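The next block holds one structure in the form of structure tokens; read it before the comments.
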Amino acid sequence: MRELLFRNLHKQRASTEREIDAHAYFHININTSMATKLLALACIGSESHGNLSPRPHYPSMPKYPKGVSVQESNLELGSEAKAVFSVMGMTCSACAGSVEKAIKRLPGIREAVIDVLNNKAQVLFYPTFVNAETIRETIEDVGFEAKLIEDEIYDRSTQVCRIRINGMTCTSCTSTIESALQAIRGVQMVQVALATEEAEIHYDPKIVSYNQLVKTIEDTGYEAMLISSGEDISKIDLKIDGVRTDHSMRAIKESLQALPGVQDVNMSLKHNKISVSYKPEMTGPRTFINEIESTGSRSFKASIYPKVGGRETHRKEEIKQYYRSFLWSLVFTVPIFLTSMVFLYIPGIKHAFDTEIVNMMSVGMLLRWVLSTPVQFIIGRRFYSGSYKALGHGSANMDVLIALGTNGAYFYSVYSVLRAATSKDFKGTDFFETSAMLISFILLGKYLEVLAKGKTSEAIAKLMDLAPGTATLLTLDDEGNVMSEEEIDSQLIQKNDVIKVIPGAKVASDGFVIWGQSHVNESMITGEARPVAKRKGDTVIGGTLNVNGVLRIKATRVGSESALSQIVRLVESAQLAKAPVQKFADRISKYFVPLVIIFSFSTWLAWFLAGKFHWYPDSWIPFSMDDFELALQFGISVMVIACPCALGLATPTAVMVGTGVGATQGVLIKGGQALESAHKVNCIVFDKTGTLTVGKPVVIDKRLLTSIAVQDFNELIAATEVNSEHPLAKAIVEHAKKFREDGENLAWPEAQDFISITGHGVKAIVRNKEIIIGNKSLMLDHNIAIPLDAEDILAEAEGKAQTGILVSIDREVAGVLAISDPLKPGAKEAISVLGTMKIRSIMVTGDNFRTANSIANEVGIKTVVAEAKPEQKAEKVKDLQASGYTVAMVGDGVNDSPALVAADVGMAIGAGTDIAIEAADIVLMKSNLEDVITAIDLSRRTFFHIRLNYFWALGYNVIGIPIAAGILFPSTRFRLPPWIAGAAMAASSVSVVCCSLLLKYYRRPKKLDKLEMHGIKIE
């Protein structure tokens, strides 16, 4: 019930945010049931308690088509689609800005995110108004090559949600619920099954929400819980060989649509491709392939459609393009350099090149003109194209600076050559080497930059490579004996498949062990260095390495649902998300290029006027130049030394490497926002259960206060608590099982009129006895007297950091249970290390004061807030923020979600495969507190590199531009030739990327190496 209430609040909040354009949020959608729960829980903090300031995670501004209001859009826009494009040719944030601006001018664009580092553009749009092809053409109109990588349509016209219903006893109950649901506008079809106690509802989400459906069921008198909202549909692309006609393709489509669990089938005869959307719990790709190959005359062959145009493919192609361009430029530039710089000092050769052909035009002049022209207009055409498109859309980028600088040198040189050819006394100088060498050095710089940028995304490539290519599928009989083995593509694994994993092989999918025992190395996923023992019933994660035994595992989560896929999507999304500090670079980039052009022209004009009016001695003018040419050199140097690219790369490259390094160490950081907030943290609020403690409570003491038999006592408390999902209830049931003589499989006595009192305990009737189990306040609320003996036992237990539970039978306290949740190994040392980092630690828990204080004293935490409800935890976070602290909240991501959202940085600890994606900013895969330290230290190190990048990028421009303008020339006669200025500009971008790449060598603080922080197992 509480979860459903939280979901209602979240839905209301989401609806409100859609209507307020300036406060819209763009959330990462990760398709797991745990993430959905956490997202729903996360919203109560800011909805229920108005003084919790909402914290923007990934801000975006939804754009509706021209003439469509926000309210109308909800009814008229229909389906929403996402398209990802590969965009080749972007060099800096100005390029990204041009693409983003052009896309957002189109009608029906909801959001556009441009990733200049990975040359990708992600666009959310409404297909009713615009399609992916139009968007691609728009990107190409801006001057960049675009290719569609991914195209998904989220059809909002019909969704299917499943709801679990408790309390149904007969078919009249199902009819009542069906009638109530069908009376709701927007509900298209309802099926309520008594046997499974579930309802499947087809509905239009634009008219009715699943929260309203849940509420309607509850209003009829039943307890309802949402299982899925209709968004957990998988999709796969299949390649069909042997299809030659539309009729054959339609026959295949119809046969697939007839399969249970298939939601939608789209076909493309041109590409021999079929896309199938399906429910993974009901069917899978092997079923589709078998169906296709058995259709018609059995002449069709089906296979997984090969993925083309991935990130690495485009990166390699871009590297090849720059490499080829650079080599061709060298072919022409090296002879130009030799004729203008080297051969002039070799007497015989100098005379040959100085030979005049027509009037004063020499052989060297003509040769340099011929050689530089291909470099300028063929090899350097990318700069012309880029600058033309940028200027056409009212913006300026680095291509504009390069085109202006090289054109200035080239066309002045052409003027000099033509003037020499038509004059008998003109002695001019050409600068063909300047334009050619400038383009060559810039191409070299871009080649090195792309190489370096490719290394920043290696973390994702490594994660994706963890998935094995093949798996061994077992077919078992009813008794579990192996009937056959078959090696299949790992993409063909379906839910509930049994997979064999031999020593040294990778686990092919998430699942649990049904046979065998071994040790599995999970370091590539969780960062846990030691292999983890696995036996029957234990869960395994896809992509991990089986060390020494043979395992048979049953697949539970495959494809996009797997933990590995979720981590990859999370890291990819994190690398797209901008850190707030990047806004600084974006603001500078808007004005940088125009200001540089103005300053360049001013530099040329100042030096030219100074020369004309003899404001400096003629001796300052180098040999073979005049005052105009000297001024032109200064102007061109200013134009080409300025580098907006370094500013644009400063933040995203560091964020990419930082998040990638974190992922390899089991610390999943959700982007620049989380990094920027985490490095400022000076106060951490810890939850107790599952964070400072192991989170697996056990009964360690039991005192009976009446003459009841121990076995009867255990039966009564277990029969009551078995109906509760609370960890303490499970501990009590497990304790009672140890004393049963008839085995664990027999049922406990029936509990009637069971009631769970949140935060206090439970109540039920068992064997005609009223059983109340809970804390002291629950007994007092029911007017049950607490004996002095029970008071003393409670005080003793709480003094030992144990939780005291009272048991009342027929309104008389019959016993006291002492439950202990052991402290995590290394918790005390971790708190101590945080203290040395000048971070204050606080514990906030719902447990009683004595237990909380005892735990706090044990770990070294001085400030404790006990008996706090979830909303009170969030209140404490807000109080600390009001006091000037930057607060991080560390919790398990469920009960602590309001506080996780309210904190500046929310950390979900011990997430394992059930990743608390939506609730937290940082997800810690292991249960060790050392990862809290690692996360903060990594964020500090990453932000240090971001600062270093900005210091270099800004310092380079602040120092380099004045030097290029000739500020040192009057005193030292030092001037920066344009080709050297161009080389410096290229080097600045490479240096910024290399500085970010140093993060790849990050090592956690040495203090942590001394700590013994191992997981413990409760027997």
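The values are calculated or read from the model by the stated rules, or taken from the named source; none is laboratory data. Just so we're clear, the structure is a prediction, and the values are computed from it rather than from any experiment. Cβ sites come from the backbone with ideal geometry, for glycine too, and all protein chains shown count toward neighbours. The accessibility values were calculated without ligands, DNA or RNA, using every heavy atom of the protein model including side chains. Shrake-Rupley method; radii C 1.70, N 1.55, O 1.52, S 1.80 Å.
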Quiz prompt | Mean Cβ count within 10 Å, highest first, over the residues of peptides 858-868, 204-214 | solution = 204-214, 858-868
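Give me the percent of accessible area attributable to carbon and sulfur for region 348-410, probe 1.4 angstrom. Please report the intermediate quantities before stating the final value.
Numbers: 1850 of 2740 Å².
Solvent-exposed carbon and sulfur of region 348-410 make up 68 percent of the total.
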Self-check item: Alpha carbon centroid spacing (whole Å) that separates region 840-907 from region 807-833
Solution: 18 Å
Self-check item: Förster radius 25 Å - calculated FRET efficiency between MET282 and GLU479, Cβ distance, rounded to 0.05
Solution: 0.45
Self-check item: Environment charge at ILE842 (Cβ cut-off 12 Å; Lys +1, Arg +1, Asp -1, Glu -1)
Solution: +3
Quiz item: Can you run phi through the Karplus equation (6.51, -1.76, 1.60; θ = phi - 60°) for region 816-827 and list ³J(HN,Hα) in whole Hz, with x for Gly and Pro?
Solution: 10, 10, 9, 10, 10, 10, x, 5, 5, x, x, 4
Quiz item: Check THR693: other-chain or 5+ apart residues with amide H under 5 Å from its amide H, H built from backbone geometry?
Solution: LYS824
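So which chymotrypsin sites (Phe, Trp or Tyr not before Pro) in region 611-672 are both in a DSSP loop and have at most 16 other Cβ atoms within 10 Å of their Cβ?
On the way: sites: PHE613, TRP615, TRP620, PHE623, PHE628, PHE634; in loops: PHE613, TRP615, PHE623.
Here the sparse-neighbourhood loop sites are PHE613, TRP615, PHE623.
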Quiz item: So, in nm, how far is label PHE849 from label ILE304 when the simple model puts each one 7 Å beyond its Cα toward the Cβ?
Solution: 6.0 nm
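I need the calculated FRET efficiency for the pair ASP792 and SER832, taking r as the beta carbon distance and R₀ as 25 Å, to the nearest 0.05. Before the final figure, lay out each step's value.
Details: r = 34 Å, r/R0 = 1.37.
For R0 = 25 Å, the calculated efficiency reads 0.15.
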Exercise. Using Cα positions and a limit of under 30 Å, work out the lysines in reach of LYS612, with same-chain residues fewer than 8 apart set aside.
Key: LYS424, LYS427
Self-check item: Coil-residue GluC sites (Glu not before Pro) of region 718-804, DSSP, other Cβ within 10 Å capped at 13
Solution: GLU725, GLU741, GLU744, GLU750
Quiz item: Which pairs break 18 Å Cα to Cα here: LYS495/LYS554; LYS82/LYS670; LYS235/LYS270; LYS534/LYS926?
Solution: LYS82/LYS670; LYS235/LYS270
Quiz item: Using θ = phi - 60° and the Karplus form 6.51 cos²θ - 1.76 cosθ + 1.60, what ³J(HN,Hα) does each residue of region 286-294 get, whole Hz, x for Gly and Pro?
Solution: 5, 4, 5, 5, 4, 5, 5, 6, 9
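Solvent-accessible area per residue for region 415-457 at a 1.4 Å probe radius, Å²? Intermediate results must be reported in sequence, preceding the final value.
Values: 1530 Å² over 43 residues.
Using a 1.4 Å probe on heavy atoms only, each residue of region 415-457 averages 35 Å².
I'd like the antiparallel share, as a percent to the nearest 5, of DSSP beta bridges with both residues in region 785-939.
Working: 7 of 17 bridges.
Just about 40 percent of them are antiparallel.
Kindly provide the trypsin sites (Lys or Arg not before Pro) of region 425-509 that DSSP labels as loop, not H, G, I, E or B, and whose Cβ sees at most 15 other Cβ atoms within 10 Å. The partial results should precede the final answer.
Values: sites: LYS427, LYS446, LYS453, LYS455, LYS462, LYS495, LYS500, LYS506; in loops: LYS427, LYS495.
Answer by residue number: LYS427.
Assign unit charges at the C-beta atoms only (+1 for Lys and Arg, -1 for Asp and Glu), then state the dipole size of region 96-138 relative to its Cα centre in Debye, rounded to the nearest 20. Let's see the in-between values first.
Details: 6 positive and 5 negative charges, 20 e Å.
With only Lys, Arg, Asp and Glu charged at Cβ, the dipole is about 100 debye.
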Quiz item: Near LYS838, which lysines are there with a Cα under 23 Å away, not counting those fewer than 8 places off in the same chain?
Solution: LYS680, LYS688, LYS824, LYS828, LYS862, LYS873, LYS876, LYS878, LYS1006, LYS1007, LYS1010
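Accessible area of region 715-855 with a 1.4 Å probe: how many percent of it is carbon plus sulfur? Each step should come with its number before you reach the end.
On the way: 3240 of 6660 Å².
Carbon with sulfur: 49 percent of the solvent-accessible area.
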Quiz item: Could you give me the ³J(HN,Hα) list for region 962-977, computed from phi with Karplus coefficients 6.51, -1.76, 1.60 and θ = phi - 60°, whole Hz, x at Gly and Pro?
Solution: x, 5, 4, 6, x, 5, 8, 4, x, 8, 10, 6, 8, 9, 9, x
